[in-house]
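The values are calculated or read from the model by the stated rules, or taken from the named source; none is laboratory data. Treat the numbers as computed from the prediction; the structure is a model and nothing was measured. Here the Cβ is made from the backbone with ideal geometry for all residues, glycine too, and neighbour counts use every protein chain on show.
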């Protein structure tokens, strides 16, 4: 059986909120694979903290920004090793400068941004300079862009979390900002159920089946129960089906349609340190 250290058990406990012995058993059964251990706990009916708020986080900054016409937006995560460097003004200025360059050049990937010239050298070389100055590893570990009729950006206080969101019509900047805040708070996995990847669907179905078996449900009901649990997952984890954070009587889709029946969310991205 795989040997699991106390530190590994404690890390999983902080991530999930499950008991120490349950975490140790899950890691042993999963041969030390943390994600498989989390699935193991869920299949056994353990209550697992969905947001994993205590997960060990890399340090750095996350910034979301749009062009002046709000038709192009980016969200960028610049990592460093320590909080000391992450809170340093030079590091923060550098992160903001990178985001500005990404917006000015409408970069669609990290590779495009790395090739942009800054003070006569590429961003890639400038990043190497910053690493040399601080002695810490730095990396643009997350980057995404959206092009839409109107793009909203939301930066959570402290710059550890940021989101961008696209709308198919202009003139809904305040609404877009509110929904971008929803994305930040509720961490949906897709706009709606059609956007949920097949592997996540199957994973949730398998967890639902195993939970039903653990509860002693008849085998001929297992698949139906699992489908019900999958539908609950869609309701809680897809943006349009989630309860709207400012009015729990409505889901996000209902709130949007109340503003304009033709208004649609074209996509979103959410980056958070440690995820």
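Quick notes on this structure:
- Qualifying positions in segment 238-275 - in contact with a helix residue (DSSP H, G or I) (Cβ under 9 Å, 6 or more places away or on another chain) and in a strand (DSSP E or B): 238, 243, 244, 247, 250, 251, 265, 267, 268, 269, 270, 272
- Residue 197 fulfils the conditions (1) exposed (fewer than 15 other Cβ atoms within 10 Å of the Cβ); (2) over 21 Å from the mean Cα position of the chain (by Cα) except for a single criterion, (2).
- Of all residues in segment 114-149 being touching a residue at least 60 places away in the same chain (Cβ under 8 Å) and in contact with a helix residue (DSSP H, G or I) (Cβ under 6 Å, 6 or more places away or on another chain), the one that is surrounded by the fewest Cβ atoms within 10 Å (Cβ to Cβ): 140
- For residue 14, the conditions (1) under 21 Å from residue 208 (Cα atoms); (2) modelled with pLDDT under 80 are fulfilled apart from (1).
- Answer residue from segment 61-79, given it is surrounded by fewer than 24 Cβ atoms within 10 Å (Cβ to Cβ) and more than 19 Å from residue 168 (Cβ to Cβ) and is modelled with the lowest pLDDT among those: 79
- The single condition among (1) assigned by TED's automatic domain parsing to the domain that holds residue 73; (2) surrounded by 15 or more Cβ atoms within 10 Å (Cβ to Cβ); (3) over 24 Å from the mean Cα position of the chain (by Cα) that residue 212 does not meet is (1).
- In the set 217, 235, only one residue is in a loop (DSSP other than H, G, I, E, B) and over 15 Å from the mean Cα position of the chain (by Cα); that residue is 217.
- For residue 229: the one exception among (1) modelled with pLDDT of 95 or more; (2) over 26 Å from residue 77 (Cβ atoms); (3) in a helix (DSSP H, G or I): (1)
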